[in-house]
Amino acid sequence: WHRARASVVHFGRLAAASPGDALDAALTDLVIDDGSPERGHREVLFDADYAVAGAAVADHPEYGAVLVVELAGAYDDDGPSISRRDREARETPGPPPLAARER
């Protein structure tokens with residue numbers, strides 16, 4: 001990920017006829033951003049600084065599901081250049097260590 005980076009997260013039940021429908025519903029919730037006076041999710045999703053995105057959905061023990069959308073100004077595939085430390089971190093359960101976010 002290069003240049004600008006951001007994440008938006010949606011917690012809640014994602015029951016739908018298909019995974020695609022569930023993803024559409026969650027993204028619609030993030031765009032509408034009801035209940036948030038700042039409309040931060042909407043602001044991030046429509047920010048012209050972000051040109052690429054990746055999304056993942058997982059079960060969540062308390063909220064049913066979680067959708068995470070990662071956005072960036074650019075992306076380069078790291079292919080064979082992944083360092084041993086990075087490979088080991090990716091094989092370790094749990095979230096990666098927090099790093100300072102730039103924008």
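For this structure, a couple of remarks:
- Sequence of 57, 68 from largest to smallest accessible area, 1.4 Å probe: 57, 68
- Over segment 19-67, relative contact order from alpha-carbon pairs under 8 Å, at least 6 apart, %: 24 percent
The values are calculated or read from the model by the stated rules, or taken from the named source; none is laboratory data. Since we're looking at a predicted model, the values are computed, not measured. These area figures cover heavy atoms from the full protein model, side chains too; ligands, DNA and RNA do not enter into them. Shrake-Rupley method; radii C 1.70, N 1.55, O 1.52, S 1.80 Å.
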